[in-house]
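Below: the structure, in structure tokens.
The values are calculated or read from the model by the stated rules, or taken from the named source; none is laboratory data. Note that this is a predicted model, so its numbers are computed, not measured. With ideal geometry, Cβ positions are generated from the backbone for all residues, glycine too; neighbour counts draw on all protein chains shown.
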Amino acid sequence: MFSHETRCIYRNNQLAEVICQLRFPEILKIAAEIPAQFQEAIRDEYPRYTSRKENPLPRFQGAPGNLQLHKPEPVTNYQFASADGVWRVNLTSKFISLACSRYTSWEGFAAKLDKPLVAFIRTYHPAYFERVGLRYMNFFSRKELGLEGTPFRDMIAPCYLAPLAQPDMNELNFTRCAVDFDTAVGHGCRAKIHAGPGLTRKNGQQDPESKFIFDMDLYMQGNIPINTCVGALQTLHLQADSIFRGAITDITHDAMDPTT
């Protein structure tokens, strides 16, 4: 599952989106007023502002035999995006996140996270973080990689393929074949992974090409001190890098055009 190969950057990476999310004990001030001060601190890099109301899923509360369906109040999700829409900061009363749809390197991503994270901490003074997470959504396209006609079993490690790892199994016979698990991966990190072929959307339209989806959510949870969150993210990144390299074969690695 893990690889100890030297880290590299791929010129033709297959990342559709990378998301960093930090959850914290609810801050009512964020829900009570528009985050104007926060916007001013990041507006030069994230000038596009929108907001929307989200309805959390209902849940049952109470003791067995006296359960009642509880409908949480709508949550306001504030979004601040770069001029080109590639980078998006989202803020609610329970989390802040940064998403990128054109990822090149961890160093570049971390640099873009710095300003909104510092602005959030200075403006709202969270007590601690309850969950720190990094999510990498890879959509492997055989067309983009120049691997048309190559079966997924030659591109992806067997542990992520389920029956597709078997040479007598035809991909075209499956309507669904996925691997889903949540496991500890060391250094206080956990990984929630979904892997399997599927159809994706591009520019609002369904892409007819079946791609291999490798969705990896690395996270730490508990009472994480504010001053350790950057180190926690670095640890998550290193774990993600090791898992990813262990998930692909040399064929896929070479097709993504690695560089040190």
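Output yes when any residue across region 213-221 is β-branched (V, I, T) and within 18 Å of F2 (Cβ to Cβ), and no when none is.
no
Mind checking which residues of region 219-238 are over 14 Å from the mean Cα position of the chain (by Cα) and assigned to a helix (DSSP H, G or I)? If the condition is that a residue be over 14 Å from the mean Cα position of the chain (by Cα) and assigned to a helix (DSSP H, G or I), then I226, N227, T228, C229, V230, G231, A232, Q234, T235, L238 are the ones that fit.
All of E144, E148 fail the test of being closer than 30 Å to T260 by Cβ, surrounded by fewer than 16 Cβ atoms within 10 Å (Cβ to Cβ), in contact (Cβ under 8 Å) with a residue 24 or more places away in the chain and not small (G, A, S), apart from E144. Just one of the listed residues (E33, E5) is of a type outside the set (V, I, T), under 30 Å from A255 (Cβ atoms) and loosely packed, with under 14 Cβ neighbours inside 10 Å, namely E5.
Does R190 fit the bill of being farther than 30 Å from I226 by Cβ and not assigned by TED's automatic domain parsing to the domain that holds A99?
On the way: farther than 30 Å from I226 by Cβ: no; not assigned by TED's automatic domain parsing to the domain that holds A99: yes.
So R190 fails the test.
Checking E40, E45 one by one, the residue that is charged (D, E, K, R), at negative phi and in contact (Cβ under 8 Å) with a residue 60 or more places away in the chain is E45 and no other. If you go through region 137-194 and keep only what is of a type in the set (F, W, Y) and over 25 Å from L218 (Cβ atoms), you end up with just F174. Considering only residues in region 151-164 that are in a helix (DSSP H, G or I) and surrounded by 21 or more Cβ atoms within 10 Å (Cβ to Cβ), the one that is modelled with the lowest pLDDT turns out to be L164.
Please go through region 116-136 and pick out each residue that is surrounded by fewer than 20 Cβ atoms within 10 Å (Cβ to Cβ) and within 30 Å of R245 (Cα to Cα). Within region 116-136, E130, R131, R135 meet the criteria.
As for region 128-136, it holds no residue that is under 27 Å from D254 (Cα atoms), among the acidic types (D, E) and at pLDDT 95 or above.
Pairs meeting the criteria (first residue in region 153-169 and of a type outside the set (A, V, I, L, M), second residue not in a loop (DSSP other than H, G, I, E, B), beta carbons under 6 Å, at least 6 apart or on different chains) are R153/L164; R153/A165; D154/I251; P158/A165; Y160/V179; Y160/A195; Y160/A247.
Conditions (1) free of Cβ contacts under 8 Å to residues at least 60 places away in the same chain; (2) more than 21 Å from E148 (Cα to Cα), marked per residue:
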position: C177; (1), (2): yes, no
position: C189; (1), (2): yes, yes
position: P197; (1), (2): yes, no
position: I213; (1), (2): no, no
position: Y219; (1), (2): no, yes
position: G231; (1), (2): yes, yes
position: H237; (1), (2): no, yes
position: D241; (1), (2): no, yes
position: T260; (1), (2): no, yes
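If the condition is being over 19 Å from C8 (Cα atoms) and out of contact with any helix residue (DSSP H, G or I) (no Cβ under 9 Å at 6 or more places or on another chain), then region 126-143 contributes E130, R131, S141, K143. Scanning region 188-218 for residues that are touching a helix residue (DSSP H, G or I) at 6+ places or on another chain (Cβ under 7 Å) and of a type outside the set (A, V, I, L, M) gives C189, P197, E209, F212, F214. Out of D254, D241, D182, one residue alone is in a strand (DSSP E or B), charged (D, E, K, R), within 22 Å of P158 (Cβ to Cβ) and assigned by TED's automatic domain parsing to the domain that holds E148. It is D182.
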